[in-house]
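Report on the structure given below.
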Amino acid sequence: AAVVVTGGVIAVSTVPVVLGAMGFTGTGIAASSLAAKMMSITALANGGGVPAGSLVSTLQSVGAAGLSLSSKINLGTAGSALVASIVGL
């Protein structure tokens, strides 16, 4: 059971690290990052702006503010379920 719980904890704790590495930071999108490229492509496809609710805006929101409690619960549950299926529980 501890292994399954660990899977959920790892899933929740890795998301901010991965988003930061992609360039979605607490102070905005980092220059010359994957996030900046994604933002540029999204803006070009939408007439110069990044629409609210788009993938880029959602990832930036999480990068700046972190995951909401409901997102942490959902992500932790998914991580735990994945580990449970891998170890055969």
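The values are calculated or read from the model by the stated rules, or taken from the named source; none is laboratory data. Every value quoted in this text rests on a predicted model; they were computed, and no experiment measured them. Only protein heavy atoms, including side chains, enter the accessible area calculation; ligands, DNA and RNA are left aside. Shrake-Rupley method; radii C 1.70, N 1.55, O 1.52, S 1.80 Å.
The H on the amide N of T25, modeled in the peptide plane, is under 5 Å from the matching H of A30, each at least 5 residues off or on a different chain. What angle do you read, to the nearest 10 degrees and between 0 and 90, between the alpha-carbon axis of helix 34-45 and the longest principal axis of the chain? Rounded to the nearest ten degrees, it is 50. Between S57, S68, S33, the Gaussian network model of the chain with springs among Cα atoms under 10 angstrom shows the greatest mean-square fluctuation at S68. Relative to the longest principal axis of the Cα atoms of the chain, the long axis of helix 2-22 makes an angle of roughly 10 degrees. Springs between Cα atoms under 10 Å define the GNM used for the chain, and in it the highest mean-square fluctuation of G23, G53, G76 occurs at G53. Over the chain, DSSP H runs of length four or greater, each weighted -39,500 (n - 2.57), average out per residue to a 222 nm ellipticity of -23500 deg cm²/dmol. Relative to the dominant Cα principal axis of the chain, helix 69-87 is inclined by about 50°. Using a 1.4 angstrom probe on heavy atoms only, work out the carbon and sulfur share of the accessible area of the chain in %. Looking at the chain in its full context, I get 71 percent from C and S.
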